[in-house]
Structure formats: structure tokens, C-alpha cells
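Chemist: Quick one: structure below, then a few questions.
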Amino acid sequence: MKYAIVDIGSNAIKYKIFNGSLELVEYYRHPLRLGRDVFSKGYLEDKTIQDLLNLLLDYKKNFKSKNILNVNYIATSALRDTQNAKEIIELLKQHDIHVKIISGDVEAFLLAEFNKSKINSAVIDIGGGSLEICINNNNDIHAKSFQLGAVRLLNFSETQKSEALQELSLWLRQFKSIDHLYGLGGNLRALMQANEIKGPIKASDFNNYINNYLSIDDTVLIEKYEIPKDRIDIIPEALNLYSLIIQELNSHVIENTFWSISDGLVRKVLKDQL
């Protein structure tokens, strides 16, 4: 038995395929930025909807060719917020693609599947539309979602950004010395690639690595360090969020992980909890 989880995000549409032991056997990412429409206009335009449908039909065909029967399509921030969500969900349903939109809080608590056994740690997921963070504070789990996705921030006014960052800071300040941070996804990984480092990063060095990253020309980042072109404009926003979190939690170490909410979701599927 194999399981496929399709993550319909704000900056990209990704899938992971797991085997019966929940080991990752395939990963694919397509840079379709739903958040470009939603966070600037409030809705998905017809062309973007058609692009989404065509992509998901391609995914569906791929899964069928591999005889994967257990497929779950999960949507997050962009489809949560778009004004025409009901019409989009209905259109996809007509093609036998059944999408479940999950709340930010559900997204955040899925992260506990990663760090529930890692005392005094935080796992951070900076997506295109929202930021989710789960903190294990002496085995007490605290999880929260914030409207601080990197694509969304590109469309925020300075006042909106300041207010949203203040909300995050105030929430983080209730915790003291969360030593170890884990950052999900490609934004933190890009920082590591451009600085040619592997493994955990000392928090005291983090801002120096950011400054070095920002000094590198975009063409070099793309061609030499293989940073995805569609991430170039959002990575600085994500790195600033990481820097803020490190500071507020008084953390000492941050490291990147390829784990994602899809890994948490597939465990829920296996337990019939989704």
C-alpha cells in the first residue's frame, strides 16, 4: 500500500508519496503561486484556477499509473482565504478530485507529530500564506498559526506587517529559552546552500549568514546555488521571520528538515483521523 499527500499551498503545489512503512519514496514540487492572486485580489483568477485543475489532473494521472489508491488532496492558506473557494472545490470535485481545506490551527498542531518528543524545541513552517509554529515547552505542546506567510508579506503594507509581527512576538515571549529550532522547507535550506553549510546552525551566526545570502546576486543564487527561481523574492521575508523567532525564543541552534505537514498528514490518514 502506498499513500499520496498533495499539499496545495500558496507558493507551490507539492506531493509526497509514502510506502506502507511511511517512508518517503517520491517528492515533487510545482511552482504555482496561488497566493499571487489571493493576497492581492482576494480571489483566484480563472487562468490560475485552470492551471490548478490541469496540474492536479496530471498528478491524478500519475498516481493512477502507479496504482496509488489512497490519495489525499489538502489545501492550506490560499484556498482558505480565497473568496471563490466553494466554486473551486466544486469544480475539482467534478473531476473526482476531492480537496480538504484545513485550518491554520490544524496545520500548526500537525507539526507536533515532528517535535512532540523533542523537549524545549520549536518546529517552524513558513509557507506562502501563513506561518505555523509548534513549541514543545517541557513536554507541553503549544501550536499556533499566524498570517505571516512569505508571499502574503509581499502584499502587506508596512503597517500590516508591523502589526502581524508584533502579534507573533507577543505570543513567543511567553516561552523562555527554547533551545533548538527546526525549520521546514526550502527557505532555510536556501540559506544553507548559499552559505555552503550543512547541519545545524548556531543561532549566534544566523544573521551573518543572512547578510551573506542577501549580498549574493540573484543570478548566482539561481545558477550556482540552485535556489528555485520562484523562491528568490520570498526567501528574505522568511529569513527575517526566522531571525525574529530565534531572538524571541533565545534559541541556540536552528536546523533544516525535509519533514513537512504531509508527513504529519499521512500518519493521520493511517490512523483514519483525517
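Chemist: Just to be sure, is ASP105 acidic (Asp, Glu) and surrounded by fewer than 18 Cβ atoms within 10 Å (Cβ to Cβ)?
Modeler: Considered against the rule, which asks whether it is acidic (Asp, Glu) and surrounded by fewer than 18 Cβ atoms within 10 Å (Cβ to Cβ), ASP105 comes out as yes.
Chemist: Something else: Pull up the range 57-86, narrow it to residues that are closer than 20 Å to VAL269 by Cα and touching a Phe, Trp or Tyr at 6+ places or on another chain (Cβ under 7 Å), then point me to the one that is surrounded by the fewest Cβ atoms within 10 Å (Cβ to Cβ).
Modeler: Here the residue is ASN70.
Chemist: Okay, moving on. List every residue pair whose Cβ atoms sit under 7 Å apart, with the two residues 6 or more apart in sequence or on different chains, where the first one lies in the range 229-256 and is assigned by TED's automatic domain parsing to the domain that holds ASN187 and within 18 Å of LYS161 (Cα to Cα) and the second, anywhere, is small (Gly, Ala, Ser) and surrounded by fewer than 22 Cβ atoms within 10 Å (Cβ to Cβ).
Modeler: LEU244/SER169; GLU248/SER169
Chemist: Sort out which residues of the range 1-20 are more than 11 Å from the chain's Cα centre (by Cα) and assigned to a loop (DSSP other than H, G, I, E, B), and write them in order of number.
Modeler: Applying the first criterion (more than 11 Å from the chain's Cα centre (by Cα)) to the range 1-20 yields 1-6, 15-20.
Across the range 1-20, the qualifying residues are MET1, LYS2, ASN19, GLY20.
Chemist: Continuing with this model, one more query. Hey, among ILE135, ILE210, ILE216, which residue is over 24 Å from ILE8 (Cβ atoms), part of a loop (DSSP other than H, G, I, E, B) and not assigned by TED's automatic domain parsing to the domain that holds ALA75?
Modeler: Values: ILE135 fails: part of a loop (DSSP other than H, G, I, E, B); ILE210 fails: part of a loop (DSSP other than H, G, I, E, B).
Answer to the check: ILE216.
Chemist: Report the residue count in the range 6-48 for those that are touching an Asp or Glu at 6+ places or on another chain (Cβ under 8 Å) and among the β-branched types (Val, Ile, Thr).
Modeler: So the answer is 4.
Chemist: Would you check if PHE18 is touching a helix residue (DSSP H, G or I) at 6+ places or on another chain (Cβ under 9 Å), farther than 22 Å from GLU90 by Cα and in contact (Cβ under 8 Å) with a residue 60 or more places away in the chain?
Modeler: Working: touching a helix residue (DSSP H, G or I) at 6+ places or on another chain (Cβ under 9 Å): yes; farther than 22 Å from GLU90 by Cα: yes; in contact (Cβ under 8 Å) with a residue 60 or more places away in the chain: yes.
Yes: the conditions hold for PHE18.
Chemist: Checking LEU265 against (1) crowded, with 16+ Cβ neighbours inside 10 Å; (2) in the same structural domain as SER177 (by TED's automatic domain parsing), which single condition isn't satisfied?
Modeler: (2)
Chemist: May I ask you to say which residue of SER251, SER169, SER162, SER243 is assigned to a loop (DSSP other than H, G, I, E, B), at pLDDT 95 or above and polar (S, T, N, Q)?
Modeler: Details: SER169 fails: assigned to a loop (DSSP other than H, G, I, E, B); SER162 fails: assigned to a loop (DSSP other than H, G, I, E, B); SER243 fails: assigned to a loop (DSSP other than H, G, I, E, B).
It is SER251.
Chemist: Going through the range 35-67 one residue at a time, which ones are more than 19 Å from ILE5 (Cα to Cα) and part of a loop (DSSP other than H, G, I, E, B)?
Modeler: Matches in the range 35-67: GLY42, TYR43, LEU44, GLU45.
Chemist: A further question on this structure: Pairs needed: first member in the range 165-186, under 30 Å from LYS229 (Cβ atoms) and in the same structural domain as ILE232 (by TED's automatic domain parsing); second member anywhere, surrounded by 18 or more Cβ atoms within 10 Å (Cβ to Cβ) and charged (D, E, K, R); C-beta distance under 7 Å; at least 6 residues apart or different chains.
Modeler: Filtered contacts from the range 165-186: LEU184/ASP125; GLY185/ASP125; GLY186/ARG231.
Chemist: To continue, here is another question. Mind listing just one residue for me: the one in the range 1-51 that is acidic (Asp, Glu) and under 22 Å from ARG267 (Cα atoms) and, of those, surrounded by the fewest Cβ atoms within 10 Å (Cβ to Cβ)?
Modeler: Narrowing the range 1-51 to residues acidic (Asp, Glu): 7, 23, 26, 37, 45-46, 51.
Applying the additional criterion that residues be under 22 Å from ARG267 (Cα atoms) yields 7, 23, 26.
Details: ASP7: 20, GLU23: 8, GLU26: 14.
Applying the filter and picking the extreme gives GLU23.
Chemist: From GLU107, GLU113, grab the single residue that is within 14 Å of the chain's Cα centre (by Cα), of a type in the set (Asp, Glu) and either in the same structural domain as ARG33 (by TED's automatic domain parsing) or farther than 18 Å from ASP179 by Cβ (or both). Spell out the reasoning first.
Modeler: On the way: GLU113 fails: within 14 Å of the chain's Cα centre (by Cα).
Only one candidate qualifies: GLU107.
The values are calculated or read from the model by the stated rules, or taken from the named source; none is laboratory data. Since the model is a prediction, treat every value here as computed from it, not as a measurement. All Cβ positions, even for glycine, are placed from backbone atoms using ideal geometry, and neighbour counts span all protein chains on display.
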